[in-house]
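The values are calculated or read from the model by the stated rules, or taken from the named source; none is laboratory data. Remember, it's a predicted structure, so these values are computed and weren't measured experimentally. No Cβ is skipped: glycine too gets one built from the backbone with ideal geometry, and neighbour counts run over all protein chains shown. In case anyone asks, the SASA skips ligands and DNA or RNA and just uses the protein heavy atoms, side chains included. Shrake-Rupley method; radii C 1.70, N 1.55, O 1.52, S 1.80 Å.
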Amino acid sequence: MTRIGLLDSGLGLLGTADALFHLAPDVDLVLAMDPDFTPYGSLSAEALEERALTSAAVLAEWEPDAIVIACNTASVQALDAVRARYEPDIPVIGTVPAVKMAAGTGEDFAIWATPATTGSAYQQNLIDAFAADVTVAKVACPGLAEAINIADIAGIDAAIDAALDQMEPGMETIVLGCTHYGLVADRIMSARAGAITLFDSPVPVAKQALRRIGLDVASTAHGTGAEAIPTGGIIATFASTRPIALPETLRAYPAGRRLLARERSAVPGS
């Protein structure tokens, strides 16, 4: 059985987990969230690296075939450190905003991200490398990831409206630069009249993780017959190293409801 571990500060890893189940229905997942230290954007580079290594160590105890850092901020600050600790024995896959894909359309676009990522040299380097020929609006979304973590729907909608207000009229393409934001893609798209095109990272990251462990993405996605029941599931979940059940706040999101149906783990002693 293939086993993959995912880490993030909070619910942002759910989009990648959902994508992995879509592409490889029989994979087992171990999730490591870190609510005691969220948001990661408020941590120093050293502290964030320590937190990522702590979560990766929890995942490594499950002997995963790969570890995915399903967080943009943690990937910027800690990917090299986690790879140095675990590769080549365990492949480590980071998360990069889909700037290159959006730039390939030739249209101007906005990048929505946390304030820390919005002001980072990392994001600017992506823009310079892949989107120098188009206009890119850097849109900070303070509070959006935090509202998503606690399923604060009013707070989510207010943060979305504030982000849309930062975009010029006629700009209709958005790169989601925080893995949390994909959980409310439906709310983003319905918040403005007219078409909005979103570019997100979970599916490309999931495909890369499966490739790194030698799985054929096409065959895993279609290898289960319509009548078959997928055997994979979420076999363990951690919150700042503590074993937990998946939080009920997931029911606020379509991907969350799908993942709750995949839970195979339980709080120890229950």
Quiz item: In percent, what relative contact order does the chain have, based on Cα pairs under 8 Å that are 6 or more apart in sequence?
Solution: 26 percent
Exercise. For the chain, with a Gaussian network of springs between Cα atoms less than 10 Å apart, report the residue from Ser240, Ser42, Ser55 with the top mean-square fluctuation.
Key: Ser42
Quiz prompt | Crossing angle, helix 121-130 versus the chain [Cα axis fit, 0-90 degrees, rounded to tens] | solution = 70 degrees
Quiz item: What accessible area per residue comes out for the chain, rounded to a whole number of Å², with a 1.4 Å probe?
Solution: 43 Å²
Quiz prompt | Selected from Ala151, Ala140, Ala163, residue furthest toward positive end of dipole (the chain; charges at beta carbon) | solution = Ala151
Quiz prompt | Mean separation of Cα contacts under 8 Å (6+ apart) over length of the stretch 1-128, as relative contact order % | solution = 26 percent
Quiz item: What size of dipole, in debye to the nearest 20, comes out for the stretch 99-199 about its Cα centre when the only charges are +1 on Lys and Arg C-beta atoms and -1 on Asp and Glu C-beta atoms?
Solution: 200 debye
Quiz item: When the accessible area of the stretch 99-199 is split by element with a 1.4 Å probe, what percent falls to carbon and sulfur?
Solution: 54 percent
Quiz item: Among rounded, prolate and oblate, which fits the stretch 1-57 when a ≥ b ≥ c are the square roots of the eigenvalues of its C-alpha gyration tensor, a/c under 1.5 means rounded, and a/b larger than b/c means prolate?
Solution: prolate
Quiz prompt | Over the chain, volume per residue of the alpha carbon convex hull, in Å³ | solution = 132 Å³
Self-check item: Shape category assigned to the stretch 90-132 from the gyration tensor of Cα positions, a/c cut at 1.5
Solution: oblate
Self-check item: Calculated P(r) tail over 18 Å for the stretch 99-199, as whole % of Cα pairs
Solution: 42 percent
